[in-house]
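Asker: Got a structure here, written out as structure tokens. Questions coming.
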Amino acid sequence: MPILAIETSCDETAAAVVTLTDGTVRTVSSVVSSQASLHAAWGGVVPALAAREHQKNIVPVIQAALQEAGLTPRDLDALAVTQGPGLMPALVVGVQAAKTLAYAWRKPLLGIHHIEGHIYANFISPTEPPATPTEILFPLLALVVSGGHTELVLIRDHFRYEILGRTEDDAAGEAFDKVAKILGLPYPGGPEVACRADGFQEDTGLRLPRPLIDSGDYRFSFSGLKTAVLYAVRDVPVERRNPRFVAAVCHEFQEAVVDTLVGKTRTAVREYAPRTVTVAGGVSANVRLRGRLREMVAEEFPGISFVMPEFRHSLDNAAMVGSAAVMRWSRLTPEGKERALTDWRTLEPDPNLKLAA
Ligand code: KG4
Ligand code: ZN
């Protein structure tokens, strides 16, 4: 049962074909056209520019996804699209394209929440070595960390989300991007900061705060940490801000973020006793975070499994949207499937879409 999924919520134009057979979700094809290098000149995503690029790329990207899958529109069971949250001008392009195709091809269309997509990236059968799938058992605890979101979500069964806590200010990815900017590193800053941090070993005595780490709840805060980085950099004369200094700041900043994320996740595992723990969103590509989470769960909670998305499914892509969609589609009644053939007429992009329970 192939589903064609479309994602245009931020600065990636993406389309993918995803299937579900015998309970296994597979990516048949996945095409991502990134605009990151274009937005880099502006130091961040420019919504109007993103919309223009999506318009330019959406049809070729969809065609490429179908071609790579060796399928024609007739072979598809349904279509899916990211409905929100995201940048409105960007979301509109994907939703309009999806609605047009649903009409022209007479296919059902499902609107998917972007964060639900990130979470369901974990359900896609892995192909990167060692490619051993881990069964996801509920309750599932998901640490969601992206450019726009930082939250701990308890999922007691498919599509039943309970937000345990979220960030009070900046998202984790946003903090990475802002720190990169302070240090004069290009956009998107997350990978730039991470690669400098990972290569740094010395102790330079620099200490940054771990905001709210002992608050005993699931609130996060990263804006004070970012300000602490700003002060630490400001206090050093420009001529001494050499690559070693930049790497030292990146290292301590990454440790501070990872300590906080791992600490809060540990508290939630203790309180809610999930059977599986996972991480989702663009920051789940962070190697240090992946390693520390895996280690924490393995050492402190033997019996509980840890799952993370493959790298290609960590950052924005359409396969994750397709994964959520095939799961939703397979659980629809025949009447629900019938309704999905026409329901999309009222589907509108929603930049503030909530992750409904
Ligand atoms: O999920 P995503 O692709 O887009 C949103 O939904 O926001 O996440 C993008 C965010 C950016 O802030 C980016 O800097 C961050 O994820 N990111 C990383 C890494 N790779 C991407 N942050 C830390 N370490 C990384 N390796
Ligand atoms: Zn995302």
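Asker: Name the residue farthest towards the positive end of the dipole of the chain from the options 245, 340, 50, assuming +1 on Cβ of Lys and Arg, -1 on Cβ of Asp and Glu, about the Cα centre.
Answerer: About the Cα centre, the residue reaching furthest to the positive side is 340.
Asker: Computed over the Cα atoms of segment 124-184, what is the convex hull's projected area averaged over all directions, in nm²?
Answerer: Dividing the Cα hull surface by four gives the mean projection, 6.2 nm².
Asker: A follow-up question, please. Only Lys, Arg, Asp and Glu count, each charged at its Cβ (+1, +1, -1, -1), so figure out the dipole size of segment 124-195 about its Cα centre, rounded to 20 debye.
Answerer: About 40 debye.
Asker: Where does the charge balance sit around residue 123 when Lys and Arg score +1, Asp and Glu -1, over other residues with C-beta under 14 Å from its C-beta? Numbers along the way, then the final one.
Answerer: Working: positive: 26, 328, 331; negative: 22, 116, 135, 157, 310.
Summing Lys/Arg as +1 and Asp/Glu as -1 gives -2.
Asker: In Å, what Rg and Dmax follow from the Cα atoms of segment 209-340?
Answerer: Rg then Dmax for segment 209-340, in Å: 19.6, 68.
Asker: Report the local net charge at residue 269: Lys and Arg +1, Asp and Glu -1, summed over other residues whose C-beta lies under 11 Å from its C-beta.
Answerer: So the surrounding residues net to +2.
Asker: While we're on this one: Among 67, 184, 37, whose Cα sits farthest toward the positive end of the charge dipole of the chain (+1 at Cβ of Lys/Arg, -1 at Cβ of Asp/Glu, about the Cα centre)?
Answerer: Positive-end residue among those listed: 67.
Asker: Follow-up question, since we're still on this one. Taking the chain as a Gaussian network, Cα atoms linked when under 10 Å apart, which of 284, 223, 330 shows the biggest mean-square fluctuation?
Answerer: For the chain, modelled as a Gaussian network with Cα springs under 10 Å, the answer is 330.
Asker: I'd like the Kirkwood hydrodynamic radius of segment 1-143, using the inverse of the mean 1/r over distinct C-alpha pairs, in Å.
Answerer: Mean inverse Cα-Cα distance, inverted, gives 15.9 Å.
Asker: Roughly how many nanometres apart are two label points built 7 Å out from the Cα toward the Cβ at residue 275 and residue 160?
Answerer: Between residue 275 and residue 160, the label points sit 1.3 nm apart.
Asker: Follow-up. Two-decimal Rg/Rh of the chain from alpha-carbon positions, Kirkwood Rh?
Answerer: With Rh from the inverse mean 1/r over Cα pairs, Rg/Rh is 0.98.
Asker: Suppose the chain between residue 332 and residue 36 were pulled fully straight at 0.36 nm per residue; how much longer would it get relative to their current alpha carbon spacing?
Answerer: Numbers: separation 296, 0.36 × 296 = 106.56 nm, distance 3.66 nm.
Length difference between fully extended and current span is 102.9 nm.
Asker: Further, regarding this structure: Which ordering of 136, 119 is given by a fewest-first count of other beta-carbon atoms within 10 Å?
Answerer: 136, 119
Asker: Still on this structure, please answer the following. Given R₀ = 30 Å, what would the calculated FRET efficiency be for residue 245 paired with residue 132, taking r from the Cβ atoms and rounding to 0.05? Display every interim value, and only then the final one.
Answerer: Working: r = 41 Å, r/R0 = 1.37.
In this case the efficiency is close to 0.15.
Asker: So what's segment 266-350 giving for Rg/Rh, alpha carbon basis, Kirkwood Rh from the mean inverse pair distance?
Answerer: 1.12
Asker: Using a simple charge model, +1 on the beta-carbon of Lys and Arg, -1 on the beta-carbon of Asp and Glu, nothing else, what dipole does the chain show about its Cα centre, in debye to the nearest 20?
Answerer: Charge dipole of the chain: 400 debye, to the nearest 20.
Asker: With 10 angstrom as the radius, rank 272, 187 by how many other C-beta atoms surround their C-beta, starting from the fewest.
Answerer: Fewest-to-most ranking of 272, 187: 272, 187.
Asker: How would you rank 245, 220, going from fewest to most other Cβ atoms within 10 Å of each one's own Cβ? Working shown, then result.
Answerer: Values: 245 16, 220 26.
Listing 245, 220 from fewest to most nearby Cβ atoms yields 245, 220.
Asker: For segment 18-36, list residues with backbone N below 15 Å from a point placed 7 Å from the Cα of residue 347 toward its Cβ?
Answerer: Residues passing the 15 Å test: 18.
Asker: How much net charge surrounds residue 30 when only other residues with a Cβ under 14 Å from its Cβ are counted (Lys, Arg +1; Asp, Glu -1)?
Answerer: -4
Throughout, read-outs are computed from the coordinates displayed, never taken from laboratory work. Bear in mind that the values here come from a model prediction, so they are computed numbers and not experimental data. Quick reminder, even Gly has a Cβ in these numbers, built from the backbone with ideal geometry, and neighbours come from all protein chains shown.
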